[in-house]
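The values are calculated or read from the model by the stated rules, or taken from the named source; none is laboratory data. What you see is a predicted model; the values in this text were computed from it and never measured. Don't worry about glycine lacking a Cβ; one is built from the backbone with ideal geometry, like all the others, and counts go over all protein chains shown.
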Amino acid sequence: MIRVLQFALSFVLPLAACVGVCTAASADSIDQGQALFNTNCLGCHGTPPNAMKIDLLAAANNPGLIRGQIKTNPAMSFLAPLTDTDLANIATYIAYPVTDDTSCILGWGEVNYPTLLSPRTESQQGAGYEFRYYPPANAYFGVNLAPPTSTRHLYYLDGHTGKLSDLGDITPFLNSALSAGCP
Ligand code: HEC
């Protein structure tokens, strides 16, 4: 069964990713936004979404708000060299912080692989993963928690055999899930 899933995922997903219209919130812009955020913002603001020292969610998908802060907030004036594209990517990242990426992918998996990944459920965290558990198939589906996004992989664990399958980098999965509107 795992092999079937891997087979299906490895062939269907790269094709499905960004065929036709891609949303602006591609995994690339999220990765770039995350890197820019870590370099320029994290020191003062912490990591989205939970560890932020003040609520930055107003800046989600709102680069204009960040530009406004850079112009009016003396603490942030040194960030003036950041380009509009940089700010757009940062605003995208703030809108899709790490745990939201994972929810998007896991929810998308539930919709596409209902035989294994049902009933639909909530994410939980443990042992270095954010994952969901599906009792009927004794199946676990999740993403390792380590940032940055580029080092995060999607995993499937068969609870019967204990076999953990690494389905690869989350990027193509995230692109497909974002294109599908995080179902
Ligand atoms: C040197 C410290 C510092 C850095 C670096 C910094 N900020 Fe700020 N930021 C602040 C301070 C101080 C405030 C004002 C907090 C307040 O008013 O309570 C602020 C406020 C904000 C606000 C307004 C939040 C609100 O709800 O009003 C946003 C949005 C914001 N920062 C985004 C960013 C982003 C994005 C970056 C990186 C590109 C960044 N900041 C980098 C210190 C910093």
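General observations
- In the stretch 85-106, residue farthest from the ligand (Cβ to nearest atom) [restricted to those that are in contact with a Ser or Thr (Cβ under 9 Å, 6 or more places away or on another chain) and not polar (S, T, N, Q)]: 106
- Yes/no for residue 92 being β-branched (Val, Ile, Thr), at negative phi and surrounded by 15 or more Cβ atoms within 10 Å (Cβ to Cβ): yes
- Search result, residues across the stretch 146-179 that are in a loop (DSSP other than H, G, I, E, B) and under 14 Å from the mean Cα position of the chain (by Cα): 146, 147, 148, 152, 170
- Looking across the stretch 50-59, the residues that are crowded, with 16+ Cβ neighbours inside 10 Å and either more than 9 Å from the ligand (Cβ to nearest atom) or at pLDDT 80 or above (or both) come down to 52, 59.
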